[in-house]
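Notes for the one structure printed next.
Since every read-out is calculated from the coordinates, none of them should be taken as a lab result. Only a predicted model underlies this, so the values are computations on that prediction, with no experimental measurement involved. For neighbour counting, all protein chains shown are included, and Cβ atoms are generated from backbone atoms with ideal geometry for every residue, glycine included.
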Amino acid sequence: MAAISEPLRAADPNEPTAGVTPGGASRAVGLVCAACGARRGLALENACPECLGPLTVAYDLAAVRGGRGGRPGASGLARYAELLPPVADPDRAYALEGTPLRDAPRLARELGIGRLYLKDDTVLPTGSFKDRPAAVAVAQAVARGARAIGCASTGNLAAATARAAAREGRPAFVFVPEGLPAGKLDPVRALGGRIVEVPGGYDRTNRIAALAAEALEIAFVNIGLRPYYAEGSKTAWYETLDALGGEAPDRIVVPLGSGALLAATGRAVRETAALGWIRPGSPVPALVGSQPEGCDPIVEAFRLGRTEIRPVREPRGVAESLAIGDPASGPEALRAIAASGGTADAPSDGEVRAGIRDLARLEGIWVEPAGGTVVATLRRLARSGFLRPQDRVVAHLTGAGWKAPGSSGPRAAPPLRLDPVHPDFSVLRAELDRNPEPPAGGGEGPW
Amino acid sequence: MRVHLASVLRTFAPGLDGREFPGAEGSVAELLERVAAAGPVGFRARLFEGAALRRYLAVYIDGVDIRFTGGLASRVGGDSRVDLIPAVAGG
Ligand SMILES: Cc1ncc(COP(=O)(O)O)c(C=O)c1O
Ligand SMILES: [Zn+2]
């Protein structure tokens with residue numbers, strides 16, 4: 001605790017460090033309960049002692065110095081250290097490069113959306129956006145003297161946690177449901193993480209991890225450190241807004257697992273609005289949550305106008321990374337969607353698989369099913385009219401295709417076989433001729 | 001029935017974690033009233049809002065969320081394990 005509370009002290013002008021930003025740039029002032037409003041210090045707590053509600057980090061926004069691009073001279077997540085939990089050396093602790101916001105004109109045209117931007121977190125080091133919250137949570141764990149790091153994961157947080165722990169020389173214990181694909185587990189092994197399997201689905205894994213967090217000296221990034229962990233996911237929005245020059249989009253489409261990414265996006269939008277980082281006159285973005293049909297407790301609550309979320313006992317379907325039947329941040333996500341004038345949508349497995357193929361075919365990006373879920377929702381909401389032809393839309397691609405190979409649907413055609421001595425090119429020629437016309441005037445060739 | 005409390009609850013009722021509540025089968029409501037009565041003054045309000053369970057408290061009987069088994073009316077057997085965990089812990 002000393003490591004945290006010390007840098008947060010008000011600066012004493014007689015100290016040699018006076019003038020150095022406390023907490024290594026962070027403007028965090030405490031935790032606040034989203035349910036009852038109770039204020040706490042920046043303690044190691046994941047639930048409000050008064051009401052057990054979720055705690056989130058509060059900031060002194062009036063003290064923020066950086067503009068839309070964050071701290072001058074800093075790079076990656078460290079640019080936004082003022083709006084992240086305090087650490088002594090943010091440039092080291094938050095050394096994770098930002099990701100591109102890609103214009104997607106071919107997909108936009110096919111779907112009938114005015115302008116579509118893809119926040120491409122598939123390029124992060126372990127292939128998913130989870131590198132963001134894992135970096136922030138592990139930095140807290142280390143600052144608070146944790147000897148071992150842990151997580152409960154549907155698959156992607158596992159590698160992200162193992163990576164962040166490896167950089168700090170700490171062992172990582174990743175709790176996962178039984179039977180995850182190699183794309184999720186191989187990186188964990190390579191990064192030196194210890195895999196702990198729990199039979200049954202993610203919710204069981206999560207409960208066992210919560211018991212482990214009580215019984216063992218392991219700092220679980222998304223359990224004990226959850227308020228800090230969740231802050232990492234805000235950074236995707238800061239980067240997006242900067243890439244758009246402060247012109248907020250009309251809609252932001254986000255996949256929902258526990259709901260933490262969407263809830264964090266909502267907080268980040270509010271912060272940037274309060275900071276004046278959003279250009280005057282640009283829209284207040286509506287948040288759209290996307291969850292697969294086989295596990296859609298947040299979407300169902302939204303549709304029925306409920307404020308409480310009924311858990312799904314047995315999540316099904318191809319989108320394993322989103323298969324959280326009892327979403328811990330579901331109520332916050334639900335409130336953020338409603339407050340922004342957004343909506344929630346749940347495509348079928350077939351639509352999710354088609355979404356993966358559409359994105360690959362039109363924009364050359366290979367995503368795991370969380371991305372297919374988002375693309376499927378884009379198609380469905382363009383059809384329903386919620387995404388309009390004049391809209392500027394940002395969609396989050398949160399996981400790379402290699403994390404869950406084999407998810408894109410019906411097997412592709414088998415490879416063509418050619419005789420190594422007397423190759424017969426007629427089949428190949430027939431396939432070529434089935435393809436679109438060459439450009440007018442023909443190409444140059446022979447190639 | 002053995003009751004396990006997450007640390008955020010344990011701080012308000014030291015000594016209750018892992019406590020055995022002997023007795024035959026009953027409802028979760030009855031068990032939690034006994035747990036509340038065994039804690040210090042005011043501890044009941046950590047578990048209940050009036051007659052209802054607190055919104056952000058998750059209760060598991062032998063690993064199963066009571067929202068799947070009938071809520072406070074769910075039955076708890078004599079040798080059940082009951083876990084009280086904040087609903088926001090994880091995911
Ligand atoms: C690829 C991917 N996208 C989205 C999510 C959902 O994130 P959250 O749990 O923050 O809602 C997950 C996580 O579980 C994930 O692995
Ligand atoms: Zn509270």
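For chain B, the share of DSSP beta bridges that are antiparallel, to the nearest 5, is 75%. The loop-placed trypsin sites (Lys or Arg not before Pro) in the stretch A:378-434, going by DSSP, that have at most 16 neighbouring Cβ atoms within 10 Å of their Cβ come out as A:Arg411, A:Arg417.
In this structure, the amide hydrogen of A:Ile365, modeled 1.01 Å from its nitrogen in the peptide plane, lies closer than 5 angstrom to those of A:Ala360, counting only residues at least 5 positions away or on a different chain. Once the C-beta distance of A:Asp60 and A:Ala95 is scaled by a Förster radius of 25 Å, the resulting FRET efficiency is 0.50 to the nearest 0.05. For every other residue with a beta carbon closer than 15 angstrom to the beta carbon of A:Ala134, add +1 if it is Lys or Arg and -1 if Asp or Glu, then tell me the sum. Net local charge, A:Ala134 excluded: +4. With coordinates expressed along the principal axes, the C-alpha atoms belonging to the stretch A:38-106 extend over 49, 35, 24 Å, beginning with the largest. A simple rule links phi to the HN-Hα coupling: the Karplus curve 6.51 cos²θ - 1.76 cosθ + 1.60 with θ = phi - 60°, which for the stretch A:215-221 gives 8, 10, 8, 10, 8, 7, 4 Hz, with x for Gly and Pro. Annotation: amide H-H contacts under 5 Å for A:Ala148 (H modelled 1.01 Å from N, sequence separation of 5 or more, or interchain): A:Ala219.
With each label modelled as a point 7 angstrom along the Cα→C-beta vector, the B:Ala73-A:Glu178 pair spans 3.4 nm.
Taking Rh as the Kirkwood radius computed over C-alpha pairs, what is the Stokes-Einstein D of the protein assembly as shown at 4 °C in a medium of viscosity 1.567 mPa s, expressed in µm² per second? Translational diffusion coefficient: 53 µm²/s. So for chain A: antiparallel DSSP bridges make up what percent, rounded to the nearest 5? Given both bridge residues lie in chain A, the antiparallel proportion sits at roughly 35 percent. 3J(HN,Hα) along the stretch A:147-157: 8, 9, 10, x, 7, 10, 9, 7, x, 7, 5 Hz, from the Karplus curve 6.51 cos²θ - 1.76 cosθ + 1.60 with θ = phi - 60°, whole Hz, x for Gly and Pro. 3J(HN,Hα) couplings calculated from phi for the stretch A:39-53 with the Karplus curve 6.51 cos²θ - 1.76 cosθ + 1.60 (θ = phi - 60°) are, in sequence order, 9, 10, x, 7, 8, 8, 9, 10, 9, 5, x, 6, 10, 6, x Hz; Gly and Pro show x. With springs connecting C-alpha atoms under 10 Å apart, model chain B as a Gaussian network and identify which of B:Arg67, B:Arg75, B:Arg44 has the largest mean-square fluctuation. Top of the fluctuation ranking is B:Arg67. Taken as Cα centroids, the stretch A:228-258 and the stretch A:154-193 sit 25 Å apart, rounded to the nearest whole angstrom. GNM remark for chain A: springs join alpha carbons under 10 Å apart, and the peak mean-square fluctuation among A:Ser384, A:Ser329, A:Ser233 falls on A:Ser384. Remark on B:Glu25: its backbone amide H falls under 5 Å from those of B:Gly78, a criterion applied only to residues 5 or more positions apart or on other chains, H modelled at 1.01 Å from N. Taking GluC sites (Glu not before Pro) across the stretch A:161-205, the ones in a DSSP loop with at most 12 further Cβ atoms lying within 10 angstrom of their Cβ are A:Glu178.
Put in order of Cβ neighbour count within 10 Å, fewest first, the listed residues A:Leu180, A:Leu225, A:Leu84 become A:Leu180, A:Leu225, A:Leu84.
Here the peptides B:29-37, A:123-131 are ranked by packing, the mean other Cβ count within 10 Å, and the order with the highest first is A:123-131, B:29-37. Modelled this way, with points 7 Å down the Cα-to-C-beta line, the labels at B:Ala52 and A:Arg306 are 1.2 nm from one another. Over all other residues within a Cβ to Cβ distance under 13 Å of A:Cys36, the charged ones net out to +3, with Lys and Arg as +1 and Asp and Glu as -1. The Cβ shell under 10 Å around A:Leu261 holds other residues with a net charge of +2, Lys and Arg each +1, Asp and Glu each -1.
Dipole size of the stretch B:2-86 about its Cα centre, with +1 on Lys/Arg Cβ and -1 on Asp/Glu Cβ: approximately 260 debye, rounded to the nearest 20.
Label 7 Å along Cα→Cβ of A:Trp447; the stretch A:418-436 residues with amide nitrogen under 15 Å? In the stretch A:418-436, the label zone of A:Trp447 (backbone N under 15 Å from the point 7 Å along Cα→Cβ) covers A:428-436.
Rounded, prolate or oblate, given the Cα gyration tensor of the stretch A:131-229, with a/c below 1.5 counting as rounded? Oblate. Modelled this way, with points 7 Å down the Cα-to-C-beta line, the labels at B:Ala45 and A:Val421 are 9.2 nm from one another. Magnitude of the charge dipole for the protein assembly as shown, about its Cα centre and with charges confined to Cβ atoms of Lys, Arg (+1) and Asp, Glu (-1), is about 600 debye.
Extension gain for the segment A:Arg109 to A:Ala43, taken as residue separation times 0.36 nm less the Cα-Cα distance, is 18.9 nm to one decimal.
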